[in-house]
There are 2 protein chains.
Amino acid sequence: MLNIDSILMAQKRIEPYIYKTPIIPSQNLGEILGCEVFIKPECMQRTNSFKIRGALNKMLSMPKDEVQRGVVAASSGNHGKGVAFAAKLLGVKATIVIPDTAPQIKVDGIKDLGAEVIQCKLSERHIIANELSEKYGYINIHPYNDYDIMAGQGTIGLEIVEQLKDVDTVVVPIGGGGLIAGISTAVKSKLPDVKIVGAEPYNLRRYAKSIEAGERVQLEEQKSEADALLTSTPGEKNYPIVSSLVSEFVGVKDEYLLKAMKLLLMEGKILAEPSSCIGIGAILQGELKVKRDEKICFVVSGGNTGIDKIKELEGISI
Amino acid sequence: MLNIDSILMAQKRIEPYIYKTPIIPSQNLGEILGCEVFIKPECMQRTNSFKIRGALNKMLSMPKDEVQRGVVAASSGNHGKGVAFAAKLLGVKATIVIPDTAPQIKVDGIKDLGAEVIQCKLSERHIIANELSEKYGYINIHPYNDYDIMAGQGTIGLEIVEQLKDVDTVVVPIGGGGLIAGISTAVKSKLPDVKIVGAEPYNLRRYAKSIEAGERVQLEEQKSEADALLTSTPGEKNYPIVSSLVSEFVGVKDEYLLKAMKLLLMEGKILAEPSSCIGIGAILQGELKVKRDEKICFVVSGGNTGIDKIKELEGISI
């Protein structure tokens with residue numbers, strides 16, 4: 001189960017190890033986007049993404065003898081880095097299964113934390129993680145389809161309602177749905193009138209399409225600049241939570257992800273990875289309509305990106 | 001005269017037009033630098049630098065019939081952008097005299113605000129501004145040697161003591177001394193025990209050398225990555241204030257400016273121009289010694305830099 005109590009317990013559990021990220025108002029961005037902009041910069045989080053919150057909550061909740069068997073995780077990179085951090089903290093072995101298309105900076109970050117990295121095709125990452133779990137007895141730390149993971153990510157929601165009491169709207173990137181399930185549960189239980197918007201890659205609108213169909217749909221595998229949001233179906237445990245708490249889903253094209261990354265960097269002066277800029281991209285694309293006095297908190301979920309990616313922004317017009 | 005009252009008056013005067021920038025704690029940077037790091041990101045200020053504060057205070061303080069004659073300013077770029085903004089707001093003509101070595105992004109930013117730009121040799125910028133002032137009757141808005149300018153920049157100090165009541169140390173970049181004179185006057189009058197550190201380019205240590213000599217010295221013109229801090233002698237009105245309130249001066253080499261810019265961007269996730277990263281560079285260079293529990297506020301004075309500059313960071317090791 002995921003509820004406000006499990007999120008409050010997660011907060012206590014992980015507080016000593018994570019950073020409480022600030023809320024950064026950006027009037028520069030606000031003038032361009034036509035609303036009041038507040039950034040929750042999880043790109044500045046330890047390991048440079050929010051994923052450390054869920055990974056720590058999960059692994060600190062497990063019985064000690066269980067976690068000592070070692071852990072394995074399928075990940076596009078950020079969850080793997082979070083799991084590798086938690087494993088290092090607990091002194092246990094971690095194996096991370098990551099697609100061969102993942103940015104090198106993510107692979108390096110995981111290795112630097114002492115975890116073993118196995119690279120494979122995008123579609124095989126969960127299969128290989130399951131195999132390793134069965135073969136070696138490693139605990140499989142799922143990136144989103146897990147209530148402890150969701151509770152950890154939900155601690156961001158607790159921070160938002162404390163730091164920005166009069167927030168109107170929270171915009172959250174969606175992959176499998178772990179982040180938005182946690183945040184929406186926390187925010188809605190404290191401030192029920194806040195609107196939660198989920199932003200997905202345009203060619204991977206698994207939540208929008210599932211809700212339209214009335215059940216979880218499985219999309220075909222797709223490439224996207226949103227390398228952290230490539231999941232092709234909503235998580236089984238995430239879907240009911242997300243579908244009941246999220247007001248609006250927007251689909252953002254790759255072109256607008258990169259425009260948003262450039263805008264956030266050059267005008268907002270904050271560096272984030274493309275996936276994390278998706279909410280800003282939704283406004284630039286005209287998908288998300290906003291009001292001038294609307295206080296919008298953008299969850300900028302990660303910042304594991306390098307100068308190689310920034311160079312790609314040079315020719316892009318905002 | 002510069003004192004806390006003139007800075008408080010400046011705050012009232014410019015408040016409707018500037019952004020109150022946040023204080024951003026950076027635990028990621030803190031772990032690397034060995035202290036508690038807080039960034040005052042004037043790179044996120046309107047016009048992307050603090051200079052708008054002084055320019056607005058000066059021009060809003062002037063008699064209307066005087067300012068209507070038009071203004072001229074010698075500037076490495078950021079002051080020019082501030083003056084251009086204030087001139088646009090007041091509906092008066094502005095002419096900015098800027099070195100031909102200034103980054104293109106600064107020239108473009110000034111032109112976009114509707115000011116006329118004259119480019120010249122670095123050493124001639126003040127001479128030409130004076131000539132234009134005499135020839136056309138324009139008011140010359142000096143970038144630092146002016147009490148109203150200093151009072152405007154000092155509003156940053158008021159914000160720091162309000163936002164970070166237990167700050168131990170404030171590290172401020174020094175060019176002519178307008179920013180540090182204003183900030184140190186404001187901070188010291190509210191929190192007399194706070195240590196103020198001034199950071200200058202290593203080959204342009206005009207304050208450190210002047211204080212050693214017991215009088216203002218004039219250095220030879222120099223090139224530096226710190227394009228906003230190229231002044232070769234302390235301002236006449238700034239020097240007595242700075243020499244009495246600043247505890248320590250550090251000289252930072254170009255190499256460490258770029259390392260600091262890369263560190264702030266890749267680990268702190270904040271984009272600033274090289275000049276503004278000088279305080280962080282002082283720690284990396286081993287020039288500024290810090291304690292683990294010391295709360296240090298780095299005034300990151302501007303962010304007028306482009307992807308061309310970020311590309312130069314690629315080969316640099318931190």
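Listed values, structure above:
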item: Relative intensity, log₁₀ I(q)/I(0), of the protein assembly as shown from a Debye sum that treats every alpha carbon as a point, q = 0.05, 0.08, 0.09, 0.10 Å⁻¹; result: -0.24, -0.59, -0.73, -0.88
item: Exam field: A:Gln104 pseudo-label spacings to other copies (7 Å along Cα-Cβ), nanometres; result: 2.7
item: Relative intensity, log₁₀ I(q)/I(0), of segment A:51-140 from a Debye sum that treats every alpha carbon as a point, q = 0.18, 0.20 Å⁻¹; result: -0.67, -0.83
item: Where N is the number of residues in chain A, Cα Rg divided by 2.2 N^0.38 Å; result: 0.92
item: Cross-link pairs A:Lys51/B:Lys291; A:Lys269/B:Lys40; A:Lys12/A:Lys51; A:Lys20/B:Lys269; B:Lys20/B:Lys81; B:Lys259/B:Lys289 - those with Cα-Cα distance over 21 Å; result: A:Lys51/B:Lys291
item: Distance between segment B:19-64 and segment A:20-60 - C-alpha centres, whole angstrom; result: 20
item: Backbone N under 19 Å from the A:Tyr17 label point (7 Å along Cα→Cβ), restricted to segment A:98-129; result: A:109-117
item: Minimum 10 Å² accessible area buried by the other protein chains, segment B:7-29 residues, probe 1.4 Å, relative to alone; result: B:Tyr19, B:Lys20, B:Pro22, B:Ile24, B:Pro25, B:Gln27, B:Asn28
item: Label 7 Å beyond Cα on the Cβ vector: A:Asn130 copy-to-copy distances, nm; result: 8.0
item: Cβ-derived FRET efficiency at R0 45 Å, A:Gln119 paired with B:Leu219, nearest 0.05; result: 0.25
item: Nm distances between copies for B:Lys291, ranked from closest, using label points 7 Å along Cα→Cβ; result: 5.1
item: Cβ-based net charge around A:Gly80, under 9 Å, with every Lys or Arg adding one and every Asp or Glu removing one; result: +3
item: Span from the segment A:219-288 Cα centroid across to the segment B:254-294 one, whole angstrom; result: 32
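The values are calculated or read from the model by the stated rules, or taken from the named source; none is laboratory data. Small disclaimer: the values here were computed from a predicted structure and weren't measured. Backbone-built Cβ (ideal geometry, glycine too); neighbour counts: all protein chains shown. Side chains are part of the model used for accessible areas, which takes the heavy atoms of the whole protein and leaves out ligands, DNA and RNA. Shrake-Rupley method; radii C 1.70, N 1.55, O 1.52, S 1.80 Å.
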